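A.B. asks: Shown below is the structure under consideration.
Bear in mind that the values in this text are calculations on the coordinates, not laboratory data. Note that this is a predicted model, so its numbers are computed, not measured. Glycine gets a Cβ as well: all are built from the backbone with ideal geometry, and neighbour counts include every protein chain shown.
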Amino acid sequence: MSRLRTAIAERRRTRARLREDRAFERLLARAPTVESAHELRAISTRR
């Protein structure tokens with residue numbers, strides 16, 4: 001049962017990370033300028 005819970009938790013973390021990545025890509029696409037998109041990308045590399 002422990003392995004099952006671990007697998008489920010890992011899958012949840014993976015899906016959450018993918019959701020965050022997609023949301024960030026949408027944010028970049030809506031950036032008003034290229035410079036602001038570069039700033040957002042620089043901030044994201046620090047996480």
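A.B. asks: If each Cα of the chain is one equal point scatterer, what is log10 of I(q)/I(0) from the Debye formula at q = 0.13 Å⁻¹?
C.D. replies: -0.43
A.B. asks: Apply the Karplus parameterisation 6.51 cos²θ - 1.76 cosθ + 1.60, with θ equal to phi minus 60°, to every residue of segment 35-44 and state each ³J(HN,Hα) to the nearest whole Hz, in sequence, with x for glycine and proline.
C.D. replies: So the J values, rounded to whole Hz, are 4, 5, 5, 5, 5, 4, 5, 5, 5, 5.
A.B. asks: Would you mind calculating the gained length between HIS38 and ARG26 on full extension (0.36 nm times residue separation, minus the Cα-Cα distance), in nm to one decimal?
C.D. replies: Once the chain is fully extended between HIS38 and ARG26, it gains 2.9 nm.
A.B. asks: While we're on this one: Using θ = phi - 60° and the Karplus form 6.51 cos²θ - 1.76 cosθ + 1.60, what ³J(HN,Hα) does each residue of segment 14-22 get, whole Hz, x for Gly and Pro?
C.D. replies: Listing the rounded values in order: 4, 5, 5, 5, 5, 4, 4, 4, 5 Hz.
A.B. asks: Run lengths n ≥ 4 of DSSP H only: what is the helix-derived mean residue ellipticity at 222 nm for the chain, with -39500 (n - 2.57) per run over all residues, to the nearest 500? Mind showing how you got there, number by number?
C.D. replies: Values: 2 runs with 40 residues, N = 47.
Helices in the chain give a 222 nm mean residue ellipticity of -29500 deg cm²/dmol.
A.B. asks: For the chain, give the magnitude of the charge dipole about the Cα centre (Cβ charges: +1 Lys/Arg, -1 Asp/Glu; no others), in debye to the nearest 20.
C.D. replies: 460 debye
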